[in-house]
Amino acid sequence: MTAPHRAEPNDADVRLVASDLDGTLLRPDGTVSPRTAAALAAAEAAGLDVVFVTARPHRWLTELQAHVAGHGVAICANGASVVDVAGLRVLEEHGMDRARVAAVAARLRDAWGTDAVHLAVESAEGFAAEDGFVSIHEVPPGARAAARIEDVLPRTTLKVLLQATGRTRHVDTFVAEAQHAIGDLAHVSSSATVPLGEIAAPGVTKAATLAAWAARRGIAPEHVWAVGDAPNDLPMLRWAGRAFAVGNALPAVLAAADATLPSNADDGVAVLLERAAALARARDLRGRG
């Protein structure tokens, strides 16, 4: 790892490691490597909290159930939900009601044209989409579809997914243009390398939900290490006492990090967890002494 540039936090006081999943903790094929699985178990044994903080909806966490720490918590949908991974049970929702989602859709259509905007939603109830939305992932059985998203909205939407025809292919510009169209109705981010907007309620980010979760457990930011690879990880990295990027991270994330780890193909998060667990064990021995 490169030398961190922040001086304030004491590395030996790490108590919580917050990790993104896709492109970060997970290998390029979406699996957990044996080394990472062992490192997660070692971190749990050392008394560390490890929280998955992801853009994924909770329905995509099944394969991770064997690897969660004892608390079994993941922050999903870019902070819009907190999930008990072991039971895939939603503990908290920070979503949008039907009226807000409808207003977001209306603003986008007014700005970009009705035929150009294609929307889908993720909720605790599952996935629903407009007929024109083309999912890059397998659509779950029973997913609802309609010409307009307003006709298939759940009670609470955790995340709106936005595609648009005839817009820029540059992800950051796409997100900025969508945010301008929506205004203060919602917050737009992206974890993709293609133009795909991820729209959440105002103020809902990975960082905000993680900060609240940590505060309830008496864990201050200076006791948190966070690691990611994509722009939607940046608020979390800026909040944490130590910010890490995997080697395959996008340039903006590499620039924001205190240190660069090996890539997700080379078990970068395992390297981080092993270091954190060693520090926690040393701290425990000092406490016993």
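Each reported figure results from applying straightforward, stated rules to the coordinates on display, with no laboratory input. Just so you know, these numbers come straight off a predicted model, no measurement behind them. Cβ placement follows ideal geometry from the backbone for every residue including glycine, while neighbour counts extend to all protein chains displayed.
A few comments on the model shown:
- Neighbour-count ranking [beta-carbon atoms within 10 angstrom, fewest first] of Asp13, Asp131: Asp131, Asp13
- Net charge contributed by nearby residues that have their C-beta within less than 11 Å of Ala252 (K/R +1, D/E -1): -3
- Residue (of Met236, Leu61, Ala252) at the positive-pole extreme of the chain, dipole from beta-carbon charges: Met236
- Proxy reagent accessibility, fewest Cβ within 10 Å first, across Phe133, Phe174: Phe133, Phe174
- Comparing Cα centroids, region 78-104 and region 212-289 end up 25 angstrom apart.
- For the chain, size of Cβ-based charge dipole, Lys and Arg +1, Asp and Glu -1, in debye: 540
- Using R0 = 30 Å, the C-beta based FRET efficiency linking Ala37 and Ala255 works out to 0.50.
- Taking the C-alpha atoms only, the angle from helix 268-288 to the longest principal axis of the chain is near 40 degrees.
- On Cα atoms only, tilt of 98-112 relative to the major axis of the chain in degrees: 70
- Rounded to the nearest 20 debye, the dipole size of region 96-200 about its Cα centre is 80 debye, using +1 on the Cβ of Lys and Arg and -1 on the Cβ of Asp and Glu.
- For the chain, averaging the sequence separation of C-alpha pairs within contact (under 8 Å, six or more residues apart) and dividing by the residue count gives a relative contact order of 24 percent.
- Using the Karplus relation 6.51 cos²θ - 1.76 cosθ + 1.60 with θ = phi - 60°, the per-residue 3J(HN,Hα) values for region 21-37 come to 9, 5, x, 10, 6, 7, 5, x, 8, x, 9, 9, 6, x, 5, 5, 4 Hz, with x marking Gly and Pro.
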